[in-house]
Amino acid sequence: MSFSEDSQDIYQQALPYDLAITHAGSFGRFQVWIFLIGGVFSISAAVCNLSYLFIAASPLHWCHVADLDHLNLTLDQIKQISLPLNEVHEKNKYSDCEMYDRDYGKLTDESVLQLLNSSTTAPVVGCTHWSYDRSQYHSTITTQWDLVCSHKALPAISQSIFMAGLMVGSLLFGALADGIGRRRTQMICVVVNVVSSILMAFSVNFIMFSILRFLVAATCVVGGTTFVLMMEVVGPSYRVLMGCSFMYFWVAGYLLLAGFGYVIRDWQNLQMAIAFPLLIYLVFFCFFEESPRWLYSKGRTDEADRLMRKIAKINKKEYPEKIEVIVSHGTKPVYIWDVCRYPVLRLRVVIVYFIWFVCSLVYFGLSLDATGMEGNSYINFVLLGAVELPAYVFCHIGLDRIGRQYSAAGSMLLGGASLLLTIAVPSSIGYQWLSIGLTIVGKFSISAAFAIMYVYTTELFPTVVRNSGLGSASCIARVGGIVAPQMALLNDYYRYTAILIFGSLSLVAGLATFVLPETAKSILPETLEQGDRVRRNKNPSLDENESDERSNKSMLESELAPL
């Protein structure tokens, strides 16, 4: 054997996956393609989550009295004759759900004039039919199926059903992606999502609408699966870039929906406009690949090696012929509940779940509360989305410079403090700007924390349960999303109850973050055993491993030089 052949054998490298992927290209054309596909999924997820605000909007409504239609009366005159006045928030307002019990069919022009000039009343009965203010929304599910008054809880219930779908989908498809792979799971989700979205526009009743919306929500998690795949195919130094940039697509979906909702005022046409572009997803899978990290973790080394060389070719990189990628994997399936056997991981999972719950509760609680703001609802919607953009810019800059732990903790502590300070602001009109400003800071902070937790969580969980870990954390977050709409009801007892809960929980979650380890530029754990050995701020960094690699190679070169 020649010295050169000896040298080649000695130079066969055994590298952790995080270092091996740098040989195929940490961030090249392949990763850009995955990033763009994931971005489209993220836009879709934002639209799916937020379209409810337009599709199920409840415009101003009042009892419709058909016998008054033939009379030459203005809307104000009709209301004055048929509707009782109620005091709402210290203001008189015509009833939405009740009307005077009169024989309107016998009214003449003279009797109408007498009623308008008098203050006489009549017994009150509930409405059976309604009229709606269609100046802003031509049609919603609320107006189509009269989901008002005794049925006014149904639109909110449909949103809770949607959140329940997200919860079930996160848990089911997160575990499925760890079991059968990222690519197959994505294909299942996309097909079900596209079909359900299109059929939803043709719903004939509330039950059909709710079932289809549940299916759409359950399969919206395709964006989370793509996010995990994206984080697994980039080099560690690009995780923050990819992870935070991914969130900009959510803002794009937020703003895109505002444009769709402004132009298309009919809920069925709006749903069709949302659904049909999803067909392009089916084309993406002709160019989609499995996660090489997942293949290695499942022991499918030959497939993973071929894929790594393919990635290197696409990225125009030279992938070493003799390289052994070290990814620990077991012979039996590993499930998310297996972390309960490891004390460090067990505590870590409880903290991560709590933080996700708080982020979701506060984020959706503030968003739903803000929809009641005075002014144009479309402008308000755009502003609520726009405030998230600087939050994600902060994540982009802060995650590497400050670190995952301090960025997450700082965001939640700032958000909690700003929300609690709103309680101390005087309620007079002159101080409204200060209260609104503090609330916006709270929305900014919780949006940043939510985005940070996506990156942080994928790095905290070992590879064998990474997708199911993110999926289960997202599942817990949906519990917060289900609870959030109900928080406003507590304000009937004390006007600041919701804000007090939001602020207090944010502070507790921020402090709890300091128990978690820092993961910036760290080698990700592959197995549960490795994850349990990672202690707070003692995770081996990529720079240390790179230094060891260079040191080992230098030692080999010095030994071969005399030969």
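The values are calculated or read from the model by the stated rules, or taken from the named source; none is laboratory data. Remember, it's a predicted structure, so these values are computed and weren't measured experimentally. Note: ideal-geometry Cβ built from the backbone for every residue, glycine included; neighbour counts use all protein chains shown.
For segment 119-142, indicate whether the set of residues that are modelled with pLDDT of 85 or more, closer than 26 Å to residue 213 by Cβ and assigned to a helix (DSSP H, G or I) is non-empty. Yes. With respect to being at pLDDT 80 or above and within 15 Å of residue 524 (Cβ to Cβ), residue 460 fits the description.
To keep it simple, each residue is scored yes or no on (1) at pLDDT 80 or above; (2) within 19 Å of the chain's Cα centre (by Cα); (3) of a type in the set (D, E, K, R).
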| site | (1), (2), (3) |
| --- | --- |
| 251 | yes, yes, no |
| 278 | no, yes, no |
| 300 | yes, no, yes |
| 312 | yes, no, no |
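Evaluate segment 149-161: report whether one residue or more is outside the structural domain of residue 83 (by TED's automatic domain parsing), touching a helix residue (DSSP H, G or I) at 6+ places or on another chain (Cβ under 9 Å) and not in a helix (DSSP H, G or I). Checked segment 149-161: at least one residue is outside the structural domain of residue 83 (by TED's automatic domain parsing), touching a helix residue (DSSP H, G or I) at 6+ places or on another chain (Cβ under 9 Å) and not in a helix (DSSP H, G or I).
Evaluated against (1) touching a residue at least 40 places away in the same chain (Cβ under 8 Å); (2) surrounded by 15 or more Cβ atoms within 10 Å (Cβ to Cβ); (3) over 29 Å from residue 381 (Cβ atoms), residue 129 falls short on exactly one condition, (2). Condition check for residue 297 on (1) surrounded by 21 or more Cβ atoms within 10 Å (Cβ to Cβ); (2) touching a His at 6+ places or on another chain (Cβ under 7 Å); (3) closer than 30 Å to residue 56 by Cβ: one failure, at (3). Among the conditions (1) within 23 Å of residue 146 (Cα to Cα); (2) crowded, with 18+ Cβ neighbours inside 10 Å, the only one that residue 75 does not satisfy is (2).
Yes/no matrix, rows are residues, columns are (1) within 30 Å of residue 298 (Cβ to Cβ); (2) β-branched (Val, Ile, Thr):
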site	(1), (2)
138	no, no
142	no, yes
156	no, no
160	no, no
173	yes, no
185	yes, yes
197	no, no
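Of the candidates 513, 458, 497, the single residue that is out of contact with any Ser or Thr (no Cβ under 7 Å at 6 or more places or on another chain) and surrounded by fewer than 19 Cβ atoms within 10 Å (Cβ to Cβ) is 497.
Taking (1) modelled with pLDDT of 85 or more; (2) not assigned by TED's automatic domain parsing to the domain that holds residue 203 in turn, residue 71 satisfies each apart from (1). Put simply, of 507, 419 the only residue that is over 30 Å from residue 171 (Cα atoms) and either among the basic types (Lys, Arg) or part of a helix (DSSP H, G or I) (or both) is 419. When you scan segment 198-205, do you find a residue that is within 25 Å of residue 477 (Cβ to Cβ), in the same structural domain as residue 250 (by TED's automatic domain parsing) and either of a type in the set (D, E, K, R) or touching a residue at least 60 places away in the same chain (Cβ under 8 Å) (or both), even just one? Within segment 198-205, one or more residues are within 25 Å of residue 477 (Cβ to Cβ), in the same structural domain as residue 250 (by TED's automatic domain parsing) and either of a type in the set (D, E, K, R) or touching a residue at least 60 places away in the same chain (Cβ under 8 Å) (or both). Given the structure, is residue 234 touching a Ser or Thr at 6+ places or on another chain (Cβ under 7 Å) and part of a loop (DSSP other than H, G, I, E, B)? Yes; evaluated as a whole, the condition is true for this residue.
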